[in-house]
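The values are calculated or read from the model by the stated rules, or taken from the named source; none is laboratory data. Predicted model only: the values in this text are computed from it and were never measured. Cβ sites come from the backbone with ideal geometry, for glycine too, and all protein chains shown count toward neighbours. For the accessible areas, the whole protein counts, side chains as well, though only heavy atoms, and no ligand, DNA or RNA atoms are used. Shrake-Rupley method; radii C 1.70, N 1.55, O 1.52, S 1.80 Å.
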Amino acid sequence: MYNIKAIIFDLDGVLVATSKYHYLAWKRLAQELNIEFTIEENERLKGVSRMNSLEIILEIGNITLDDDTKIELAEKKNTWYVEYISKLTPTDILPGVIDFIESVKESNLKIALGSASKNSMLILNKLNLTHYFDAIIDGTKVSRAKPDPEVFLKGAQALKVLPCQCIVFEDAQAGIDAAINAGMLSIGIGSKDILKKANLVLSGFSNIIFDKLEL
Ligand code: BG6
Ligand code: MG
């Protein structure tokens, strides 16, 4: 069996269903730019940094823009996104998440956040989840976006554990790739069709506790 010492959680789409708000804000921006942007294409944006997400949308629309305009557009999207998430409360935590986190704590494992989002602290505070984390690595602390393993490797380092002692929970293809690139086990939250490369895929945390996981 694996000698697991830590769990690293992605945030958006794993602990809270913020993905729809990211989609709505990008869709609104795409409409302004006359770009058709579908929910299927949105899969490519999951786990990807804000600027890389914008690049993907511009690529879909075949549009080239200068850096200043791109920064302006990314900020505009973020203003809408922050507006959408301003009403988040602990009731928005996905089903089973708190019980699962508590089962991880009971097993004496460390917990880290590994998210691309620069809004992570805002969201964790709104959800009253911050106190559960022994380390928080978010978009303000990394320079390379998933599938680069930086965010997860920094998480392991902050927790003083080896990458092979970590399990990553992720809802995005880019995130599962980042976990694999970090040499960590990964559990996908979502659909098996999309998260094929994960060691295990769950539809969510309902009725899942740490010591019953079979990897
Ligand atoms: C990830 C989301 O968690 O964070 C992406 O899955 C998002 O969709 C990225 O683009 C960056 O988020 P933010 O909040 O910094 O724009
Ligand atoms: Mg995610």
**Complete:** Scanning the stretch 190-215 residue by residue, the ones that are among the hydroxyl-bearing types (Ser, Thr, Tyr) and farther than 23 Å from Lys105 by Cα total 1
**Request:** Report yes if some residue within the stretch 79-93 is loosely packed, with under 15 Cβ neighbours inside 10 Å, within 10 Å of ligand 1 (Cβ to nearest atom) and within 20 Å of the chain's Cα centre (by Cα); otherwise report no.
**Result:** yes
**Asked** What number of residues in the stretch 1-21 are of a type in the set (S, T, N, Q) and open to solvent by 10 Å² or more (accessible area, probe 1.4 Å)?
**Response** 2
**Request:** Kindly indicate whether Thr38 is among the polar types (S, T, N, Q) and either away from ligand 2 (no atom under 15 Å from the Cβ) or on the phi > 0 side of the Ramachandran plot (or both).
**Result:** yes
**Item:** Counted residues, the stretch 17-32 - those being touching a residue at least 40 places away in the same chain (Cβ under 8 Å) and out of contact with any strand residue (DSSP E or B) (no Cβ under 6 Å at 6 or more places or on another chain)
**Value:** 8
**Request:** Enumerate the pairs (first residue in the stretch 97-118 and open to solvent by 20 Å² or more (accessible area, probe 1.4 Å); second residue anywhere and among the β-branched types (Val, Ile, Thr) and in a helix (DSSP H, G or I)) with beta-carbon separation below 7 Å, excluding pairs fewer than 6 apart on the same chain, so at least 6 apart or on different chains.
**Result:** Ala116/Val151
**Request:** May I ask you to verify whether Ala156 is among the small types (Gly, Ala, Ser) and under 26 Å from Arg44 (Cβ atoms)?
**Result:** no
**Request:** Check Leu215, Leu195, Leu153 and return the single one that is within 17 Å of the chain's Cα centre (by Cα), part of a loop (DSSP other than H, G, I, E, B) and farther than 17 Å from Thr18 by Cβ.
**Result:** Leu195
**Asked** In the stretch 158-178, how many residues are surrounded by 20 or more Cβ atoms within 10 Å (Cβ to Cβ) and within 14 Å of ligand 1 (Cβ to nearest atom)?
**Response** 10
**Item:** Residue list for the stretch 105-127, restricted to those being in a strand (DSSP E or B) and within 15 Å of ligand 2 (Cβ to nearest atom)
**Value:** Ala112, Leu113, Gly114
**Message:** Restricting to the stretch 41-68, name every residue that is assigned to a loop (DSSP other than H, G, I, E, B) and either open to solvent by 70 Å² or more (accessible area, probe 1.4 Å) or at positive phi (or both).
**Reply:** Gly47, Asn62, Thr64, Asp66
**Request:** Determine if the stretch 7-23 includes at least one residue that is modelled with pLDDT of 95 or more and more than 16 Å from ligand 2 (Cβ to nearest atom).
**Result:** no
**Message:** When you scan the stretch 54-65, do you find a residue that is within 16 Å of ligand 2 (Cβ to nearest atom), at pLDDT 95 or above and closer than 23 Å to Asp138 by Cβ, even just one?
**Reply:** yes
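Condition check ((1) touching an Asp or Glu at 6+ places or on another chain (Cβ under 6 Å); (2) touching a residue at least 40 places away in the same chain (Cβ under 8 Å); (3) open to solvent by less than 30 Å² (accessible area, probe 1.4 Å); (4) more than 16 Å from Gly96 (Cβ to Cβ)) across all residues:
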residue	(1), (2), (3), (4)
Phe152	no, yes, yes, yes
Ala156	no, yes, yes, yes
Gly190	yes, yes, no, no
Glu214	no, no, no, yes
